[in-house]
């Protein structure tokens with residue numbers, strides 16, 4: 001049976017009536033550009049989450065990861081993100097083509113804070129730009145160009161509470177389904193579990209930058 005809430009808030013005033021008192025710095029810290037603090041963070045980041053939305057309001061959040069510096073700060077209003085070989089669903093691309101809106105969360109291993117960037121996005125194939133983002137001789141087929149509208153640091157409470165950078169304190173992974181097990185059950189794949197697992201391991205070990 002689908003859960004039905006009994007106490008729903010519908011306005012910001014409803015929320016502020018329970019918890020208010022936002023500090024002035026939380027209002028004024030939001031920049032409309034990449035300053036020197038945000039720049040060095042982005043250039044040290046090896047992982048981000050990219051959020052996009054389509055014209056019907058359907059959302060997607062996709063992980064992106066590479067060696068630190070994979071996202072290029074082209075100027076104080078522009079970022080470039082390489083598109084690496086993946087599942088060919090192109091969820092983010094479809095959304096960007098429809099609305100051109102994007103939100104990013106940049107993470108740096110062993111640091112608790114994150115940097116958030118919001119703005120407009122385009123899909124581009126500028127040859128020089130893509131060449132500059134090549135890894136192991138593999139030039140990305142596309143790049144996502146981000147026009148920065150908001151950029152700001154976000155405190156580290158979520159990372160601290162999750163103990164993300166404390167693997168010795170992580171919950172055990174025993175009993176978690178493997179990716180192959182999930183695919184076998186959810187995708188009705190015309191392969192055995194062993195075949196799926198072998199293909200996924202091959203992709204992880206040999207095809208990070210190849211189609």
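The values are calculated or read from the model by the stated rules, or taken from the named source; none is laboratory data. Because the structure is predicted, anything quoted here is derived from the model rather than measured. As a convention, Cβ positions derive from the backbone with ideal geometry for all residues, glycine included, and neighbour counts pool all protein chains shown.
In table form, for the structure just shown:
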read-out: Among residues of segment 185-196, those that are more than 16 Å from residue 87 (Cβ to Cβ) and in a helix (DSSP H, G or I), counted; value: 4
read-out: Number of the exception - residue 62 against (1) over 17 Å from residue 151 (Cβ atoms); (2) without any contact (Cβ under 8 Å) to a residue 40 or more places away in the chain; (3) over 17 Å from the mean Cα position of the chain (by Cα); value: (3)
read-out: Scan of segment 56-89 for residues that are part of a loop (DSSP other than H, G, I, E, B) and either in contact with a helix residue (DSSP H, G or I) (Cβ under 7 Å, 6 or more places away or on another chain) or surrounded by 15 or more Cβ atoms within 10 Å (Cβ to Cβ) (or both), ordered by number; value: 66, 68, 69, 70, 71, 76, 77, 83, 84
read-out: Members of segment 24-49 that are in contact (Cβ under 8 Å) with a residue 60 or more places away in the chain and not in a loop (DSSP other than H, G, I, E, B); value: 31, 37, 38, 41, 42, 44, 47
read-out: Unmet requirement for residue 184, which otherwise passes all of (1) modelled with pLDDT of 95 or more; (2) more than 18 Å from the chain's Cα centre (by Cα); value: (1)
